[in-house]
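One structure is given here, and the rest of the page talks about it.
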There are 2 protein chains.
Amino acid sequence: MQEAQAAAARGEVPVGAVVSDAQGLVLARAGNAVEATRDASAHAEMLALRAAAARLGGKYLAGCTLTVSLEPCAMCAGAIAAYRLKTLVFGAYDPKSGAVEHGPRVFSHATTHHRPEVVGGVREAECAALLADFFGRLRDA
Amino acid sequence: MQEAQAAAARGEVPVGAVVSDAQGLVLARAGNAVEATRDASAHAEMLALRAAAARLGGKYLAGCTLTVSLEPCAMCAGAIAAYRLKTLVFGAYDPKSGAVEHGPRVFSHATTHHRPEVVGGVREAECAALLADFFGRLRDA
């Protein structure tokens with residue numbers, strides 16, 4: 001939530017992500033940075049996952065948990081599978097761009113190499129309110 | 001194909017990718033670098049897409065074409081949508097990890113924000129042979 005709020009303050013769509021290890025130690029945290037980096041792939045999840053892998057020095061994040069304020073898109077869900085995370089926890093559901101419980105349902109296919117435990121809707125109202133507030137202000141601007 | 005061959009020579013799964021603009025100018029090219037970078041997200045497509053966006057200085061790659069030797073996975077297909085590429089050309093089909101014509105079929109959902117033109121199976125036999133040769137040598141090693 002802090003990363004999402006900080007992203008909003010920077011004019012970014014407010015999404016924040018944290019990667020923690022099996023002991024709950026935070027390995028990396030990031031907010032959405034698409035505008036600041038001028039990079040459409042700079043979603044909070046991608047930034048946090050890459051930083052966590054770099055910190056651990058390994059290719060994978062087995063045993064780790066990604067906690068993110070919004071249901072991941074196909075890119076980020078695919079990255080979660082590629083990094084072999086143990087658990088995905090997300091806040092708001094995203095019927096428009098989400099790819100876990102909507103659309104491509106990336107982890108729901110027989111071909112999925114890796115299927116994390118998924119816990120969706122955690123502090124959903126707060127996470128969704130941050131996004132609604134951000135887009136509401138954009139519309140009013 | 002050159003990037004895929006170079007990746008194989010480095011001990012990487014041989015996949016290569018090129019991003020070109022509407023005039024056919026190559027903006028970026030990359031081979032798979034998961035082993036070298038110790039980063040499970042360092043697929044050829046992700047590296048080429050990020051480099052192309054950095055070169056153009058914009059968030060998106062509208063009008064551009066990604067050409068890659070293997071059907072993209074969910075992460076890379078999601079990135080193609082995020083960057084809003086005009087066209088995706090790929091070589092070998094990937095029934096195991098592909099997410100364009102298999103599994104999640106990332107561009108085949110009503111919720112997809114962006115759906116590129118997709119041309120699959122270009123020089124399919126050559127692209128597939130590179131992969132089969134690589135994995136065959138791994139098995140024999």
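The values are calculated or read from the model by the stated rules, or taken from the named source; none is laboratory data. Since the model is a prediction, treat every value here as computed from it, not as a measurement. As a convention, Cβ positions derive from the backbone with ideal geometry for all residues, glycine included, and neighbour counts pool all protein chains shown. In case anyone asks, the SASA skips ligands and DNA or RNA and just uses the protein heavy atoms, side chains included. Shrake-Rupley method; radii C 1.70, N 1.55, O 1.52, S 1.80 Å.
Scanning the range B:120-131 for residues that are open to solvent by 50 Å² or more (accessible area, probe 1.4 Å) and either within 24 Å of A:Glu101 (Cβ to Cβ) or assigned to a loop (DSSP other than H, G, I, E, B) (or both) yields a total of 2.
Checking the condition of a type in the set (A, V, I, L, M), in contact with a helix residue (DSSP H, G or I) (Cβ under 9 Å, 6 or more places away or on another chain), away from chain B (no Cβ under 14 Å) and surrounded by 24 or more Cβ atoms within 10 Å (Cβ to Cβ), which residue from A:Ala74, A:Ala92, A:Ala82 passes? Spell out how you get there, then give the answer.
On the way: A:Ala74 fails: away from chain B (no Cβ under 14 Å); A:Ala82 fails: away from chain B (no Cβ under 14 Å).
Step by step, each of A:Ala74, A:Ala92, A:Ala82 is checked, and only A:Ala92 is of a type in the set (A, V, I, L, M), in contact with a helix residue (DSSP H, G or I) (Cβ under 9 Å, 6 or more places away or on another chain), away from chain B (no Cβ under 14 Å) and surrounded by 24 or more Cβ atoms within 10 Å (Cβ to Cβ).
Would the range A:37-52 turn up any residue that is open to solvent by 30 Å² or more (accessible area, probe 1.4 Å), among the small types (Gly, Ala, Ser) and more than 23 Å from B:Leu47 (Cβ to Cβ)? Before the answer, list the steps.
Within the range A:37-52, the subset open to solvent by 30 Å² or more (accessible area, probe 1.4 Å) is A:37-38, A:43, A:47, A:50-51.
Filter again for among the small types (Gly, Ala, Ser), leaving A:51.
Filter again for more than 23 Å from B:Leu47 (Cβ to Cβ), leaving none.
Taking every residue of the range A:37-52 in turn, none turns out to be open to solvent by 30 Å² or more (accessible area, probe 1.4 Å), among the small types (Gly, Ala, Ser) and more than 23 Å from B:Leu47 (Cβ to Cβ).
Quick check, is B:Gly63 surrounded by fewer than 23 Cβ atoms within 10 Å (Cβ to Cβ), more than 13 Å from every other protein chain (Cβ to nearest Cβ) and part of a loop (DSSP other than H, G, I, E, B)? Judged against the criteria, B:Gly63 is a match. Applying the selection to the range A:26-36, what residues are open to solvent by less than 40 Å² (accessible area, probe 1.4 Å), more than 10 Å from chain B (Cβ to nearest Cβ) and not in a loop (DSSP other than H, G, I, E, B)? Scanning the range A:26-36 gives A:Leu27, A:Ala28, A:Ala30, A:Gly31. Among A:Leu49, A:Leu70, A:Leu25, which is the only one that is under 15 Å from the mean Cα position of the chain (by Cα) and free of Cβ contacts under 8 Å to residues at least 60 places away in the same chain? Going through A:Leu49, A:Leu70, A:Leu25 in turn, just one is under 15 Å from the mean Cα position of the chain (by Cα) and free of Cβ contacts under 8 Å to residues at least 60 places away in the same chain: A:Leu49.
Scanning the range B:8-27 for residues being out of contact with any strand residue (DSSP E or B) (no Cβ under 6 Å at 6 or more places or on another chain), farther than 13 Å from B:Leu88 by Cα and among the aliphatic types (A, V, I, L, M) gives a total of 4.
Confirm whether A:Tyr93 is touching a Leu at 6+ places or on another chain (Cβ under 6 Å), closer than 25 Å to B:Thr112 by Cβ and of a type in the set (Ser, Thr, Tyr). Considered against the rule, which asks whether it is touching a Leu at 6+ places or on another chain (Cβ under 6 Å), closer than 25 Å to B:Thr112 by Cβ and of a type in the set (Ser, Thr, Tyr), A:Tyr93 comes out as no.
So for the range B:99-119 (the condition being open to solvent by less than 20 Å² (accessible area, probe 1.4 Å), out of contact with any Cys (no Cβ under 6 Å at 6 or more places or on another chain), assigned to a strand (DSSP E or B) and among the hydrophobic types (A, V, I, L, M, F, W, C)), does at least one residue qualify? The answer is no; no qualifying residue exists. What about A:Val15, is it in contact (Cβ under 8 Å) with a residue 24 or more places away in the chain and buried (at least 16 other Cβ atoms within 10 Å of the Cβ)? Taking the combined requirement at face value, the residue satisfies it.
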